[in-house]
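Every number in this text was worked out from the coordinates using simple rules, so none of it is lab data. What you see is a predicted model, and the numbers here were worked out from it, not measured in a lab. All Cβ positions, glycine included, derive from the backbone under ideal geometry; neighbour counts span all protein chains shown.
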Amino acid sequence: MALGSNIAPRWAHLASAREMLRKISVGGWMESPVYETPPVGPAGQGPYFNQVVSFWYMRGKRSLLYYLKGTELFLGRKPRGHWEAREIDLDLLYYGDVIASGRPTLPHPEAASRQFVLVPLCDIAPEWVDPVTDKTMQQMLAELRSREPTQNFRKVEDDDE
C-alpha cells in the first residue's frame with residue numbers, strides 16, 4: 001500500500017491513514033520510513049511525503065480498494081483531477097501475488113516505474129517478488145535507476161513541516 005500527501009499537514013495525513021489501515025489489518029504490519037519526494041504531475045505542486053505499508057487483509061482485493069477510497073474521502077481528500085495535489089492518496093500496489101485487470105488492476109500499473117514507491121518498498125520487502133516480472137523489489141529498483149537518474153529522497157523522522 002502506498003501512502004502519499006503533499007498538502008499540509010502531510011505528516012498528520014499519513015499518520016491518520018496508517019491509523020485507519022491498522023483498523024483493518026489482521027497482522028503482519030510493516031511500514032517504511034516516510035520520505036519527502038518531488039511531485040509527479042502538473043507544475044506548481046509541493047513535495048510529497050510518501051510511505052509504503054504492508055499488512056494482512058482477508059476480505060478481498062475489491063473490498064480493500066473500496067476501503068482505501070472511502071478512507072481518502074473520510075480523511076478529507078478533495079477531487080482536483082489526475083496527478084494533482086492531494087491531502088491523502090492511498091494506492092493498492094499488490095495484493096499478495098494476485099494478478100488482476102479491471103478494478104483494481106494488480107499489481108498497480110505504475111508501481112515499477114516510480115522510485116517513490118520502490119525505495120520504501122525495498123525498505124520493508126527488498127526480496128519480495130513481483131508476480132508479473134518475477135523480479136525482486138531490489139531488482140526492479142536497480143533496473144529503474146539504470147533508466148533514469150537516482151532520486152535521493154529525504155527521510156522524514158517526525159512532523160517537521
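Look through 156, 119 and report the one residue that is in contact (Cβ under 8 Å) with a residue 40 or more places away in the chain, surrounded by 13 or more Cβ atoms within 10 Å (Cβ to Cβ), farther than 24 Å from residue 24 by Cβ and within 15 Å of the chain's Cα centre (by Cα).
Working: 156 fails: within 15 Å of the chain's Cα centre (by Cα).
Among 156, 119, only 119 is in contact (Cβ under 8 Å) with a residue 40 or more places away in the chain, surrounded by 13 or more Cβ atoms within 10 Å (Cβ to Cβ), farther than 24 Å from residue 24 by Cβ and within 15 Å of the chain's Cα centre (by Cα).
Among the numbered criteria (1) surrounded by 14 or more Cβ atoms within 10 Å (Cβ to Cβ); (2) without any contact (Cβ under 8 Å) to a residue 60 or more places away in the chain; (3) of a type in the set (D, E, K, R), which one does residue 87 miss?
Here residue 87 meets the rest and fails (2).
Which residue, of 5, 16, is over 25 Å from residue 147 (Cα atoms), crowded, with 17+ Cβ neighbours inside 10 Å and over 14 Å from the mean Cα position of the chain (by Cα)?
It is 16.
Exactly one of (1) of a type in the set (D, E, K, R); (2) more than 14 Å from the chain's Cα centre (by Cα); (3) farther than 21 Å from residue 38 by Cβ is unmet by residue 69. Its number?
Every listed condition holds for residue 69 apart from (2).
Could you please give the count of residues in the stretch 110-124 that are among the charged types (D, E, K, R) and closer than 13 Å to residue 50 by Cα?
Our first condition is that a residue be among the charged types (D, E, K, R); within the stretch 110-124, this holds for 110, 114, 123.
Then drop every residue that is not closer than 13 Å to residue 50 by Cα, which leaves 114, 123.
Adding up the residues that qualify gives 2.
Working only within the stretch 41-84, note down all residues that are of a type in the set (A, V, I, L, M), in a loop (DSSP other than H, G, I, E, B) and exposed (fewer than 14 other Cβ atoms within 10 Å of the Cβ).
Pass one, the stretch 41-84, residues of a type in the set (A, V, I, L, M): 43, 52-53, 58, 64-65, 68, 73, 75.
Restricting the remaining residues to those that are in a loop (DSSP other than H, G, I, E, B) gives 43, 58, 75.
Matches in the stretch 41-84: 43, 58.
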